[in-house]
Amino acid sequence: MKKITTPTIDKQTTQKSHKLKFLMALKSLRGLPISIILIILLVCLFILSLGLGRYPVSAENVLQILFSHVGSGIQTIITGITNLLNLPVTPIFGPPVSDISNTVVIQIRLPRILAALIVGAALSLAGGSFQGLFRNPLVSPDLLGVSAGAGFGAALAILLSGERILIQASAFCFALLAVGIVYTVSKVIKGNRTLSLVLAGLAISSLFSASLSLMEYIADPTDQLPTIIYWLMGSLSSLNLTDVAFAAIPILCGMTVLLLMRWRFNVLAMGEEEAQALGVNIGRIRAIIIVCCTLMSAAAVCISGIIGWVGLVIPHISRLLVGPDHKRLLPVSLLLGAAYLLIIDDIARTISSLEVPLGVLTAMIGAPFFLYMLSRRGKGWA
Amino acid sequence: MGIKLCVNHAEYHYDFEKSHGFKDITLTLEDTGIMSILGPNGCGKTTLLKCIDGLMKLCKGNISINDKDLCCMSRNEIAKIVGYVPQFHQPSFAFSVLDAVVVGRAPHIGFLNSPKEEDFLIAKQALETMGISYLTDTPYTQLSGGERQMVLIARVLTQQPSLLLLDEPTSHLDFGNQIKLLSILQKLANTGLPIIMTSHFPDHAFLASDKVAIMKHGELVDVGSPSEIMTESNLEEVYKIKVKIVDVDVGVSRRICIPIVE
């Protein structure tokens, strides 16, 4: 922690600042363990999940496989350098073992698990940010039409071609388009901007939902319709590393910006006019948050399909854990969201021989747990 | 410190309803001290304060601070000079009082930064000035209306402005706290911080004002020292009731305003 260096400070204030320092250290300690616990939990979950499934791999083997890949990566670099310098090559790390467990862990499970982590993190961080921006704990990331737009885009692509890349691209573009329309339309509506955004979101969402229904109506019921419905229920199966990497780019960008500016959410939570009185350029900050959240949730939804409930409940549970200060709330939301979706996805793929849709599970497990958490706390709402 | 505020033929009207706006207001404030704005409900006091803080844009005329037009200043620039406390505040999340007060540092903290120890120290000192240090860790949502008002003023002090705008700061306080707040404000004014506040109590203007402005139907009736301006005829004209202004001497000598019920 940084030391205060004010030479002219008198004894009383020095004492006070010592006391304050102590209090602040206590405060940051109170927040610290939970993030560290969550990170450790995430790493353990990650390794366990890689081993989990119909072809079980022990945690030890998972680590071996992971390290062998890291090792071979390093070896490639070393070989490159030594070749460049014309030095004799003595390999330190061997090539990775290629057996069934390697294929299962790296080719099949790793993309899916990475996807669960980034999608969960993206949705709950976007949810937490929107709840701060709209000063309402009941807001979810699809408030401005991301899900409705993505659903329509996916259905359209399924009807037109059914190519997986096209479905993802179309879902992503239409999600952005929907929010773009909402943002533009809300400028025209007179009065409170927050309210006009919510209302425009409502209207545009139902417009896209209606168009989606139309797509479902004209879809081929033996082939296309089940694909659309399956997509809408959310799933992380059949993803490869390239899909995940493409989704990760906008998600990581949005995440970085939101996490860096996270204290500003405390200022925003005071209300629009007061935030302005406190020197906040409300129009600019609102646009930044909406762009980041939309990029993140659109990228998440386009690879996972529609997964509700994570973005609403995880920020809420995080708030119960660490309080409403966004400086701690947003990182905890992110970590908790990643862990939650990973657990849900593990259940989805292992509970039966038939894969359970993710959207179904997030609600079925999330809703009762949420009610339990709410009933457990004495203090008021939010 | 020194601040020069000029309001020049300012006019503002809402497009749906004309009554809450104001027109042709010219005011200058160069000296320190407390200026009270009196006037009946809906005469445009709050709107005027919001315009001085640049939260609402004037329809006509201009407002300048230290000879710089308000329209040419960024929000952050204004917030470093002018602090504004609204009448009501509806809290949304259960922030601790300290977290809610340190938000006042926002104009001094970079966009991607968060408050440091120094900022928390300033916030704590503001809580102490307001005499509410005991509330530091209380959730903001659990405060009474009066406590919340004190917290809001602590927040605006944390902002360290050179001009304070308070919209009916005494309206949610009990009898004792009203007077305590007025004496705190007077102390602040004595340290060289000019304050403009709106009020519904002529007595408060007698108690703690160096200057009074009276508004009616969005127009400025009169500006001047309390004893010059707060006359029976002025108050009767504005509030439409009978009042008596008397000097009392019961150990302390002071001028008070007595409403007459017929």
Item to check | Residues (exposed (fewer than 13 other Cβ atoms within 10 Å of the Cβ) and among the small types (Gly, Ala, Ser)) located in the range A:218-254 | outcome: A:SER238, A:ALA245
Checklist entry - Does the range A:219-242 contain at least one residue that is of a type outside the set (Val, Ile, Thr), farther than 29 Å from A:LEU342 by Cα, part of a helix (DSSP H, G or I) and without any contact (Cβ under 8 Å) to a residue 40 or more places away in the chain? => result no
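Looking at B:LEU152, is it crowded, with 19+ Cβ neighbours inside 10 Å and either within 9 Å of chain A (Cβ to nearest Cβ) or not in a loop (DSSP other than H, G, I, E, B) (or both)? Let's see the steps before the verdict.
Working: crowded, with 19+ Cβ neighbours inside 10 Å: yes; either within 9 Å of chain A (Cβ to nearest Cβ) or not in a loop (DSSP other than H, G, I, E, B) (or both): yes.
Yes.
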Checklist entry - Checking A:SER211 against (1) modelled with pLDDT under 95; (2) surrounded by 15 or more Cβ atoms within 10 Å (Cβ to Cβ); (3) of a type in the set (Ser, Thr, Tyr); (4) over 28 Å from B:LEU112 (Cα atoms), which single condition isn't satisfied? => result (1)
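Taking the conditions exactly as written (assigned to a helix (DSSP H, G or I), under 16 Å from A:PHE369 (Cβ atoms) and over 14 Å from the mean Cα position of the chain (by Cα)), does A:ARG328 satisfy them or not? Before you say what the answer is, go through the steps one by one.
Working: assigned to a helix (DSSP H, G or I): yes; under 16 Å from A:PHE369 (Cβ atoms): no; over 14 Å from the mean Cα position of the chain (by Cα): yes.
No: the conditions fail for A:ARG328.
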Next on the checklist: Taking the conditions exactly as written (in contact with a His (Cβ under 9 Å, 6 or more places away or on another chain) and more than 20 Å from A:ALA115 (Cα to Cα)), does A:GLY271 satisfy them or not?
Outcome noted: yes
Checklist entry - Among the residues of the range B:10-38 satisfying the criterion of being at pLDDT 90 or above and of a type outside the set (Val, Ile, Thr), which is farthest from B:SER209 (Cα to Cα)? => result B:LEU38
Next on the checklist: Please determine whether any residue of the range B:169-176 is buried (at least 19 other Cβ atoms within 10 Å of the Cβ) and outside any loop (DSSP other than H, G, I, E, B).
Outcome noted: no
Next on the checklist: Among the residues in the range B:129-139, are any at the interface with chain A (Cβ under 7 Å from one of its Cβ atoms) and either of a type in the set (Gly, Ala, Ser) or within 16 Å of the chain's Cα centre (by Cα) (or both)?
Outcome noted: no
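Kindly indicate the residue of the range B:56-86 that is within 11 Å of another protein chain (Cβ to nearest Cβ) and of a type outside the set (A, V, I, L, M) and also surrounded by the fewest Cβ atoms within 10 Å (Cβ to Cβ) among those meeting that condition.
Let us first name the residues in the range B:56-86 that are within 11 Å of another protein chain (Cβ to nearest Cβ), namely B:56, B:73-86.
Applying the additional criterion that residues be of a type outside the set (A, V, I, L, M) yields B:74-77, B:80, B:83-84, B:86.
Values: B:SER74: 12, B:ARG75: 21, B:ASN76: 15, B:GLU77: 16, B:LYS80: 17, B:GLY83: 27, B:TYR84: 27, B:PRO86: 20.
Among residues in the range B:56-86 that are within 11 Å of another protein chain (Cβ to nearest Cβ) and of a type outside the set (A, V, I, L, M), the one surrounded by the fewest Cβ atoms within 10 Å (Cβ to Cβ) is B:SER74.
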Checklist outcome for this item: Across the range B:90-114, the tally of residues that are surrounded by 18 or more Cβ atoms within 10 Å (Cβ to Cβ), more than 7 Å from every other protein chain (Cβ to nearest Cβ) and either part of a loop (DSSP other than H, G, I, E, B) or without any contact (Cβ under 8 Å) to a residue 12 or more places away in the chain (or both) stands at 2
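Condition first: among the aliphatic types (A, V, I, L, M) and either buried (at least 17 other Cβ atoms within 10 Å of the Cβ) or in contact with a Gly (Cβ under 7 Å, 6 or more places away or on another chain) (or both). Now tell me which residues in the range A:48-65 satisfy that.
Of the residues in the range A:48-65, the ones among the aliphatic types (A, V, I, L, M) are A:48, A:50, A:52, A:57, A:59, A:62-63, A:65.
Across the range A:48-65, the qualifying residues are A:LEU50, A:LEU52, A:VAL57, A:ALA59, A:VAL62, A:ILE65.
The values are calculated or read from the model by the stated rules, or taken from the named source; none is laboratory data. On a predicted model such as this, the values are computed, not experimentally measured, just so you know. Note that we place each Cβ from the backbone using ideal geometry, even for glycine, and neighbour counts take in every protein chain shown.
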